[in-house]
1. How do the pairs read when you match residues in the stretch 154-176 that are closer than 15 Å to I140 by Cα and without any contact (Cβ under 8 Å) to a residue 24 or more places away in the chain with residues anywhere that are among the hydroxyl-bearing types (S, T, Y) and crowded, with 19+ Cβ neighbours inside 10 Å, using Cβ under 8 Å and keeping only pairs 6 or more apart or on different chains?
2. Take the conditions in contact with a helix residue (DSSP H, G or I) (Cβ under 6 Å, 6 or more places away or on another chain), in the same structural domain as L97 (by the TED database) and under 26 Å from G337 (Cα atoms) and apply them to L217. Does it pass?
3. Within the group P258, P156, which residue is within 11 Å of the chain's Cα centre (by Cα), of a type outside the set (A, V, I, L, M, F, W, C) and within 23 Å of F8 (Cα to Cα)?
4. Would you check which residues across the stretch 123-170 are outside any helix (DSSP H, G or I), open to solvent by 30 Å² or more (accessible area, probe 1.4 Å) and on the phi < 0 side of the Ramachandran plot and list them?
5. Quick one: which of R340, R321 is assigned to a loop (DSSP other than H, G, I, E, B) and of a type in the set (K, R)?
6. Scanning for something under 26 Å from the mean Cα position of the chain (by Cα), assigned to a loop (DSSP other than H, G, I, E, B) and closer than 28 Å to S253 by Cα, does the stretch 354-368 turn up at least one residue?
7. With the requirement that a residue be open to solvent by 60 Å² or more (accessible area, probe 1.4 Å) and either in contact (Cβ under 8 Å) with a residue 60 or more places away in the chain or among the hydrophobic types (A, V, I, L, M, F, W, C) (or both), what does the stretch 27-60 give you?
8. Looking at the stretch 212-245 only, could you name the residues that are closer than 25 Å to G306 by Cα and surrounded by fewer than 24 Cβ atoms within 10 Å (Cβ to Cβ)?
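The values are calculated or read from the model by the stated rules, or taken from the named source; none is laboratory data. Computed from a predicted structure; not experimentally measured. Cβ sites come from the backbone with ideal geometry, for glycine too, and all protein chains shown count toward neighbours. Ligands, DNA and RNA are stripped out before the accessible areas are found, and what is left, the full protein with its side chains, is counted by its heavy atoms. Shrake-Rupley method; radii C 1.70, N 1.55, O 1.52, S 1.80 Å.
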Amino acid sequence: MNNSTFGFETQAIRTQTERTQFLEHSVPLYLTSSFVFEDAEDMRASFTEEKERNIYSRFTNPNTSEFVEKICKMEGAEDGFAFATGMAAVYSTFAALLESGDHIVSVGSVFGSTHTLFTKYFPKWNITTSYFDINKPETIESYIQPNTKILFAESPTNPAVDIIDLKLLGQIAKKHNLILIIDNCFATPFLQNPIQYGADLVVHSATKLIDGQGRVLGGITVGRADLIREIYLFSRNTGPALSPFNAWVLSKSLETLPVRVEKHCENAVKVAKFLESHPKVKQVKYPFLKSHPQYEIAKKQMKLGGNIVAFEIKGGIEAGRKFLDKIQLCSLSANLGDTRTIVTHPASTTHSKLTEEERLAVSITDGLVRVSVGLETVQDIIRDLQQALE
């Protein structure tokens, strides 16, 4: 049967590393740092890349290769490379492709660590970044300079759950000959495929919904083969590779990604609707609520709305802190995309180092709460949020 005709779920389950002589049904762990050669010629040909084979697990490993192959099939990508963490994927992708003097145009609302890369570390190498307002996509082109090389965005964004039109970004990138990189972490390959809208590369923190159970760290970048080649060569020498054990766990996790994410989304819609009707909640943002400012765009490019709900409590930072202190069932954690529902108050925690002006520029108000809706019985999640709001 032709592999390319299989559905998403079948690809997720049946894409496997070739069986060993033991004919195992489930792919084994390849916990080895290196691989042996048959003779001197085999060794020479392997190192000159005349042969495609495993040499050292910093380069490739059967478990890592299986994980990469699955994500490539899910995203419609030509090739990919897997990393120890999501931020290792973000950093290595940019570092491999940028030169001193290059410029990035990025959506303003990005993950805190990505913002730190752009504003603290990249300027040390004379790489600059301009931020555009996600609510003013018509201004994007005004930020493009002669030295702009990369256009970058998250959609949905972290933590404010804003949406950007990926098709528009694809058109802008093509017009100006830019590399379009999309962080697809909140959507997963099951809900959204940026490559079909013109993205050259897609980045994921596999720690989130891809693992889905808060067990291991991981990251991955997939996309155009020529760009992945540069990222591979950079990473082969700098060493941010994903461990075989984590790759094995993540590849197993992908087998259940569709059923898990569908249930996450089902629960998240119910939580969002409950919050929208609560008198102590000022505003709720969830991509598949009609009240979301970019609802029509979300419906066009996402299969479902994801598992992240952002809402604003009346009463600002103090009300946000009190809400967290009253939570009983849900977890207070920095992670997201877990089976367990997680509640975070960005203004007093993850984004507390930003000034109020900087926070408001990226849609993080004092009372904003991010809920990563888990897989518990949805009535129990709602009951906990309800008692904490009272």
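1. none
2. When the stated conditions are applied, L217 does not pass them.
3. On the way: P258 fails: within 11 Å of the chain's Cα centre (by Cα).
Criteria check complete, one pass: P156.
4. Let us first name the residues in the stretch 123-170 that are outside any helix (DSSP H, G or I), namely 126-136, 144-165.
When the remaining residues are screened for being open to solvent by 30 Å² or more (accessible area, probe 1.4 Å), the result is 126, 128-129, 131, 133, 135-136, 144-147, 149, 165.
Within the stretch 123-170, T128, T129, Y131, D133, N135, K136, I144, Q145, P146, N147, K149, D165 meet the criteria.
5. Values: R321 fails: assigned to a loop (DSSP other than H, G, I, E, B).
Checking each option against the conditions leaves just R340.
6. No, the stretch 354-368 has no match at all.
7. Step one: filter the stretch 27-60 for residues open to solvent by 60 Å² or more (accessible area, probe 1.4 Å), giving 29, 31, 33, 36, 38-41, 43-44, 47-53, 56, 58.
Across the stretch 27-60, the qualifying residues are L29, L31, V36, A40, M43, F47, R58.
8. Of the stretch 212-245, the ones closer than 25 Å to G306 by Cα are 212-223.
The answer is Q213, G214, R215, V216, L217.
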